[in-house]
1. Within the group 317, 321, 295, 280, which residue is closer than 25 Å to residue 410 by Cα and either more than 16 Å from the ligand (Cβ to nearest atom) or in contact with a strand residue (DSSP E or B) (Cβ under 8 Å, 6 or more places away or on another chain) (or both)?
2. How many residues does region 133-173 hold that are within 19 Å of residue 238 (Cβ to Cβ) and away from the ligand (no atom under 16 Å from the Cβ)?
3. Starting from region 260-274, take each residue that is over 15 Å from residue 86 (Cα atoms) and part of a helix (DSSP H, G or I) and list its partners that are more than 9 Å from the ligand (Cβ to nearest atom) and at pLDDT below 95, counting only C-beta distances under 8 angstrom and pairs at least six apart or across chains.
4. Inside region 496-511, can you point out the residues that are more than 15 Å from the ligand (Cβ to nearest atom) and in a helix (DSSP H, G or I)?
5. Pull out all pairs, ordered by first then second residue, where Cβ-Cβ is under 7 Å, the residues are six or more apart or on different chains, the first lies in region 433-460 and is farther than 27 Å from residue 52 by Cβ, and the second is assigned to a loop (DSSP other than H, G, I, E, B).
6. Any chance you could count how many residues in region 280-332 are under 15 Å from residue 482 (Cα atoms) and outside any helix (DSSP H, G or I)?
7. Select from region 147-194 the residues that are in a loop (DSSP other than H, G, I, E, B) and without any contact (Cβ under 8 Å) to a residue 24 or more places away in the chain and write down the one among them that is nearest to the chain's Cα centre (by Cα).
8. Could you check, for region 419-428, whether at least one of its residues is in a strand (DSSP E or B) and out of contact with any helix residue (DSSP H, G or I) (no Cβ under 9 Å at 6 or more places or on another chain)?
Ligand code: F6P
């Protein structure tokens, strides 16, 4: 028998519950009125990021109680256990050491009695040599032409990080290279991504930790067919295909020379792997130095997380604030709203990071949680979202905590009228949105504008909608690394509080297994014995009839 989930019985939880009942309705207007310095006080900085958390529905007492909860749930000890290489991924018996991927040369991180940092740098150095030779045009394709197109084939953690970071850091990319990312098993993805590419100038990176993932294997094999249709010789594969994987045997079987394989380790989770060799496509785009800058940013945030007292620790603050809304206000989602076009894929990346990590309802001790865990993560870059879904955030019936992300400087300065720039317009929207969400507009203020009283309620904004604002100087590889690590550790803090394993993903297995069973049923010549429920049987029959 597993022990029942203990979280809600902890003194800190009970104190937060009572505190919420007593103060949860307090309006941000009153909190700001009572403390004119609130905005100057409630902020924290680390690794080049500035966090304003004053527009959250918290008092000093709330923060103390939330940090007590972090302490009572052992967040610090759990963090130290992770960083020390303990096997905290208990359902898979693995250490969780993505932080070792960005440890500086010369650092020591022990796993099973072995310092893994030299291994990490050995792979990074090989990646750098390879990336350098492709970027310089020294690595030639089978017909002697330099490789100008890079196609990364992978899915989930073997795709989302590189795509997001490539988009984010395009400004720093070698523009003569064309990068494409193929993930979906839908053949349209591959077909459209290679349609205008010359196979003679194309490098395919097959990125898969396990090298067994259905989507990636199907895409890799079709990409091989596409290449061979043009080049007509198996020997071409070695010049045009490389692999990123932990599974050398499967890479060899696929026909990729294992000399052209870049490895990583079972202590790197898929969704935490973009700073391992999974980032090879990104390194090809931004170069080895840019990639090392990214790693330095990750490491800076790791150090901030490791050493900063909880009161000023960015991932801890963001983590406990998320718990406050998720578990006490009943908020179900979090919106990620980057005000930078380069971060267009950031919320999609965070969806896997957060939801695959904390979408769990069984505690580490095996009990069913009697409290909510990971929120739904969603969002898209401002200002587009303002003209789509912000209406609901401002005036709908749901409480949606939002993270606004903005920069002091743009990488594409562009003037508008009056000495102002596009960037001024963009940032004015960041500040206006968080102000409007916090303070709203009262009925009195609407009526004072002479609005017809019958229409006035439609124009009232209740406000009291909480936001974090994250700011940085400008979007560099280093800042991007820090930003990603911030969210990685925020997810960790929340998983630690909820007493769940943030590092497995059994929830994706059942669908994979059933799809594996259905695949042959779709293609078999005879009517197969369909042993599903009546709905699934009927759907399969419908498809088989049309497919024939
Ligand atoms: O979605 C499940 C998952 O296992 C992810 O965790 C992982 O990022 C993805 O599949 C891809 O796995 P692989 O890198 O082994 O192909």
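The values are calculated or read from the model by the stated rules, or taken from the named source; none is laboratory data. Fair warning: this is a prediction, and the values are worked out from it, not measured in the lab. FYI the Cβ positions are ideal-geometry reconstructions off the backbone, even for glycines, and counts take in every protein chain you see.
1. Step by step, each of 317, 321, 295, 280 is checked, and only 295 is closer than 25 Å to residue 410 by Cα and either more than 16 Å from the ligand (Cβ to nearest atom) or in contact with a strand residue (DSSP E or B) (Cβ under 8 Å, 6 or more places away or on another chain) (or both).
2. 16
3. What qualifies is 260/238.
4. Answer for region 496-511, where residues must be more than 15 Å from the ligand (Cβ to nearest atom) and in a helix (DSSP H, G or I): 496, 497, 498.
5. 443/460; 446/460; 447/453; 459/451
6. Residues meeting the conditions: 2.
7. The selected residue is 186.
8. yes
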